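Report on the structure given below.
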Amino acid sequence: MGITGVPAGWPADEETALDVQRELRERLVLDEEGPAAGEGHVTGLDVAYDDERDLVAAAAVVLDAGTLEVVERATAVGRVSFPYVPGLLAFREIPTVLAALDALAADPGLLVCDGYGLAHPRRFGLASHLGVLTGRPAIGVAKNPFTFAYDRPGPDRGDFAPLRADGEEVGRALRTRSGVKPVFVSVGHRISLDNACAHTLALTPRYRIPETTRHADALCRRALQEARAA
DNA sequence: GCGACAG
DNA sequence: ATCTTGTCGC
């Protein structure tokens, strides 16, 4: 396994990235229910950075949606492809994430991203971008509210409050653990918001953060450490 | 113009 | 994201 280079033609400046975002947005599919929660595979994706050494490590962990047991794991190490710019996170994370996904032999099923999908300034966050590029159903589960305002959801697991933008529900602040800060769920591609929330609850039997993300987070950090040593 | 701002 | 020990609580 070598180091994945930044793809030829990958946007290098914000203006170009915004153009690409606008183009890909047209391919977003929002009229599908998506796979049922608890069935098939769910794949967690996450990325760790070392900007000092210009290194990025991504992890993809496939789980059995019913048992939440690990089916397969893959990692990829690459070069930083874009600076962090709120609203353009996908351009920073996607090249290496795609490399990790390509290394999988199993069917990824639903892609679970660490970030947003439709709940995005231009309705095309990381989860939507990755969904369109792979053609797969995808959801975004973020740990922070980004720029969206929301009413405090009820105190129990399963309670939620809409994330609104221009009067429309672009996502939900969903309580995955009673009495604990909610997570922020939004549709990425080819799935409904209700179903995205059902999947998120199915993935959080014990912790606030989905099992998919927890596995991917631990794995990409380990991969980054190994890349530093090499 | 000044902050806020997924990871 | 990342820099970072101990510590309170179930």
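Just so you know, all these numbers are worked out from the coordinates, no wet-lab data involved. Here the structure is a predicted model, which is why all the values come from computation and not from measurement. Ideal geometry is used to build each Cβ from the backbone, glycine not excepted, and the neighbour counts take in all protein chains shown.
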Item to check | So A:Arg172, is it touching a residue at least 12 places away in the same chain (Cβ under 8 Å), part of a strand (DSSP E or B) and surrounded by fewer than 17 Cβ atoms within 10 Å (Cβ to Cβ) | outcome: no
Checklist entry - Among A:Arg53, A:Arg123, A:Arg92, which is in a loop (DSSP other than H, G, I, E, B), of a type in the set (Lys, Arg), out of contact with any Gly (no Cβ under 7 Å at 6 or more places or on another chain) and under 25 Å from A:Ile3 (Cα atoms)? => result A:Arg53
Checklist outcome for this item: Checked A:Asp114, A:Asp107 against criteria (within 12 Å of the chain's Cα centre (by Cα) and farther than 15 Å from A:Val187 by Cβ); the one match is A:Asp114
Checklist entry - Which residues, taken from the range A:138-151, are surrounded by fewer than 22 Cβ atoms within 10 Å (Cβ to Cβ) and within 16 Å of DNA strand B (Cβ to nearest atom)? => result A:Lys143, A:Asn144, A:Pro145, A:Phe146, A:Thr147, A:Phe148, A:Ala149, A:Tyr150
Checklist entry - Of the residues A:Val47, A:Val80, which single one is among the hydrophobic types (A, V, I, L, M, F, W, C), part of a loop (DSSP other than H, G, I, E, B) and within 13 Å of DNA strand C (Cβ to nearest atom)? => result A:Val80
Next on the checklist: Being touching a residue at least 60 places away in the same chain (Cβ under 8 Å) and away from DNA strand C (no atom under 14 Å from the Cβ) is true for just one of A:Gly87, A:Gly117. Which residue is that?
Outcome noted: A:Gly117
Next on the checklist: If A:Pro153 satisfies all but one of (1) farther than 26 Å from A:Ala12 by Cα; (2) within 16 Å of DNA strand C (Cβ to nearest atom), what's the number of the condition it fails?
Outcome noted: (2)
Checklist entry - Looking at A:Gly2, A:Gly34, which one is touching a helix residue (DSSP H, G or I) at 6+ places or on another chain (Cβ under 7 Å) and either away from DNA strand C (no atom under 16 Å from the Cβ) or farther than 19 Å from A:Tyr116 by Cβ (or both)? => result A:Gly34
Checklist entry - Does A:Ala165 satisfy being within 16 Å of DNA strand B (Cβ to nearest atom) and either basic (Lys, Arg) or closer than 16 Å to A:Glu32 by Cα (or both)? => result no
Item to check | The one condition in (1) assigned to a loop (DSSP other than H, G, I, E, B); (2) within 15 Å of DNA strand C (Cβ to nearest atom) that A:Asp107 fails to fulfil | outcome: (2)
Checklist entry - Does A:Ala100 satisfy the criteria of being out of contact with any Asp or Glu (no Cβ under 8 Å at 6 or more places or on another chain), near DNA strand B (Cβ under 9 Å from one of its atoms), closer than 25 Å to A:Val6 by Cα and aliphatic (A, V, I, L, M)? => result no
